[in-house]
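Readers should treat all values here as calculations from the given coordinates under stated rules, not as data from a laboratory. Being a predicted model, the structure only gives us computed values, none of them experimental. We place every Cβ from the backbone using ideal geometry, glycine too, and count neighbours over all the protein chains shown.
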Amino acid sequence: MNGKQCFSCGTHDGLQYFEGRSFTIDFKKMTRQIGDISGYECRVCGEIEFDDGSAERYSEASDQLLIDCRQLMAAEMKRIRRKLKLSQKEAVKLLSGGGHNAFSRYERAELAPPQPLFMLMRLLDRHPHLLGDVQALCEGADLRRLLASLDQERQAALAS
C-alpha cells in the first residue's frame, strides 16, 4: 500500500510500506529489540510511521525498558549507598545536594538519578576509599584556604 504523503517532509507518494523489521530501542545504555514491526518509511527523509499494532508494541517495549532501567539503577543506588554505610540523608548531603527525599525517590525507582550522580555512585562502589575525599571536599577546607590566599594577594596588591 504505497501512495501516502510523508508527514515529515511532505513528499507525495513518499511513504513505502515495510513489514517484518526489527528495531532497537535504547535508554541509558540499555537496549531492547522489537521484532516483526510493520509500517511506512519515507524514501526521501527516512521518517518512519508504524502501523497501529506495531506502534503499540514499540511503545510498550519502550515503556518497559524505562521501568526496567529505573529499577536497575534504583537497586544499584541502594546497594552502593548501603555498602558505603550512608543514610539517605547523608548521601543527599554528600553526593547530590538535592532535596531531602531525592535518594528515596531514586531508590524507589520513581525517578532515574542524574547521570553524574549515578556515575559517582558507581565510582565509589569500585573505590570506596574515595568517600573520605568526597567528605573532605564537601567540607570545603581547601576552597576556604584558596579564598583566603586570594584575599591576601588582593590586600597585598592594594597595599603596594
Give the Cα extents of region 15-126 along the principal axes, in whole Å, largest first. 57, 26, 24
Across Leu147, Leu130, Leu65, the residue with the highest GNM fluctuation in the chain (Cα network, 10 Å cutoff) is Leu147
Cross-link candidates for Lys89: which aspartates and glutamates have Cα within less than 19 Å, leaving aside residues fewer than 8 places away along the same chain? Glu76, Glu107, Glu110, Asp125, Asp133, Glu139
Out of residues 5 or more away from Tyr40 or on other chains, whose amide H comes under 5 Å of its own, with H placed 1.01 Å from N in the peptide plane? Phe18, Glu49, Phe50, Asp51
Among 151-159, 26-34, 81-89, what's the highest-first ranking by average C-beta atoms within 10 angstrom per residue? 81-89, 26-34, 151-159
In whole Hz, the Karplus estimates of ³J(HN,Hα) for region 106-116 (6.51, -1.76, 1.60; θ = phi - 60°; x where Gly or Pro) are 5, 6, 9, 6, 6, 9, 7, x, x, 3, x
Per the chain: cysteines with no other Cys C-beta under 4.7 angstrom? Cys69, Cys138
What distance in nm separates the two pseudo spin-label positions at Leu150 and Arg122, each 7 Å out from Cα along the beta-carbon direction? 3.3 nm
Would you mind checking the tilt of helix 141-159 against the longest principal axis of the Cα atoms of the chain, expressed as 0 to 90 degrees and rounded to 10? 60 degrees
Listed by chain and number, the residues whose amide H is under 5 Å from that of Arg21, excluding neighbours fewer than 5 places away on the same chain and using placed H, are Asp36, Ile37
Measuring from the longest principal axis of the C-alpha atoms of the chain, the long axis of helix 52-83 (C-alpha) lies at a number of degrees, nearest 10, equal to 20 degrees
Order of 112-125, 5-18 by packing, highest average Cβ count within 10 Å first? 112-125, 5-18
Karplus 3J(HN,Hα) series, Hz, for region 28-34 with 6.51 cos²θ - 1.76 cosθ + 1.60 (x for Gly, Pro): 6, 6, 9, 10, 9, 9, 10
